[in-house]
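All remarks here apply to the structure that follows.
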Amino acid sequence: MSTTNNKPPQEEEEEEEDDYMSPLFLAPPTTTSSSLPMKESSLQRRARLKREAEARSRPKSKAELAQEAELQRERAHSTSLLASKPKSKGLAMMAKMGFKPGSTLGSSTSGSAEPIKIAIKEGKEGIGLESDRKRKLRELVEYMEKTEKKQKVEAVDYRERMRREREEQRLEGQIRGAQKVAEGLDTDRGKEKGEEVDKRLLKGIPVVWRGLVKIQEEGERDKRMRRDLEQHALSRLPTYDDEGEDEDDKKALGKKQTVYEAVEDLDEADEELDEFDALTGEERLRRLVEYLRGEHHYCFWCKFQYPDEGMEGCPGLTEEEHD
C-alpha cells in the first residue's frame, strides 16, 4: 500500500533550505579527506559577492592610484620593447632590413643592443631645470659629506694637538725641575769643596742646566733696565739731601743706584747650548737624569740622593719604571 505525502509544497521547500542558525553554515568552506572543496553555501556565496562588489565599487585614493601608476611604469621600463612588443610594425620593418633582436644597429657592433630608455619627467619645470637641480643637490650632498669628514678630522687633530701640547708642557716642567735640582746640587757641592760655580761666565756652567741660568739672567737684566729707568726719572725730581740719612733709606728712595754684576758672555753665541736646546724634550730630560745619577747619585724620579754609585733600591732610569 503506497503512502502519500500530505505536506504542502511550500513546507517542502522550507525544509530543503539551509539552516541559517547553524555554525557550520557560517564557517568557511573546508576540504574533505579527498582534498575536494566542499560546496559553498548560499549565504557564504552571498557574503563573498558582496565583499567583492564593495571592493570594486570603492574608489581608490590618490596614493593608491599613484602607486599603481608607478608600478606599471617601472614594469614597463624594466621590460625591453623587443620583448614586450615582438610583433610591432617597426620591429617587422627592421627585421626585413636584417635586424635581429639582441644585436646592435648598423654595421658596427659597438652600439647599444637595447633601445633608449624613457626617462619620465615629473613636474612642470623646464627641461634643463631638473638636471640643474639634480646637479646642485649632488654638489650639496658632496659638500656636506666633505664638511662632515673635515669636521671629524679636525676634531681628531684638535684633540691630538691638545694632548701633545699638554705632554710638552709637562715635559718642559720636568726639565726645569731637573735643572733646578742640578743647579742646587752643584752649588752645594761647590760650597763644600770651596769651589763655587762661577755664574758670571755661562760657558763655565754645565750645559744641562746652563739654559736655566741664561733665562734667569735675561729676566734679571730686563728688570734691571726698568729699575734703572725708574731711578733715572726719580733722580731728576727735586729732593732733600740729608747728611744723616741711612743707607737703606737712600736705596729705598732711589737716591743710591744699585750696581749689578752682569754675566759677561750673556749675549755671546753658545753653540753647545744651542745644540742641547735643539734636542727633543725626552732626550734633554734623559741627559739631565743621567747627569744627576752620575754626578750626585740622585734619582730625579725617586727624589732621593743615594749614598753610593750603586743606588740600591732605585727601579731604573725612566719614569715608567717608577710607576
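The values are calculated or read from the model by the stated rules, or taken from the named source; none is laboratory data. On a predicted model such as this, the values are computed, not experimentally measured, just so you know. When we count neighbours, we look across all protein chains shown, and the Cβ atoms used for this are built from the backbone with ideal geometry, even at glycine. Heads up: the accessible areas ignore ligands, DNA and RNA and are worked out on the full protein's heavy atoms, side chains in. Shrake-Rupley method; radii C 1.70, N 1.55, O 1.52, S 1.80 Å.
General observations
- The modelled label-to-label distance for the pair residue 156/residue 222, using points 7 Å beyond Cα in the direction of Cβ, is 4.0 nm.
- Area of residue 297 that stays accessible when all protein chains are in place (1.4 Å probe, Å², to 10): 50 Å²
- Subtracting the Cα-Cα distance of residue 51 and residue 248 from their residue separation scaled by 0.36 nm leaves 59.1 nm.
- Surface accessible to a 1.4 Å probe, residue 188 within the full protein complex, Å²: 80 Å²
- Förster-model FRET efficiency, 56 Å R0, residue 282 and residue 116, C-beta, rounded to 0.05: 0.25
- Legend: residues 276, 304, sorted from most to least accessible area (1.4 Å probe; ligands, DNA and RNA excluded), read 304, 276.
- Extension gain for residue 229-residue 78 works out to 45.1 nm (0.36 nm per residue, less the C-alpha to C-alpha distance).
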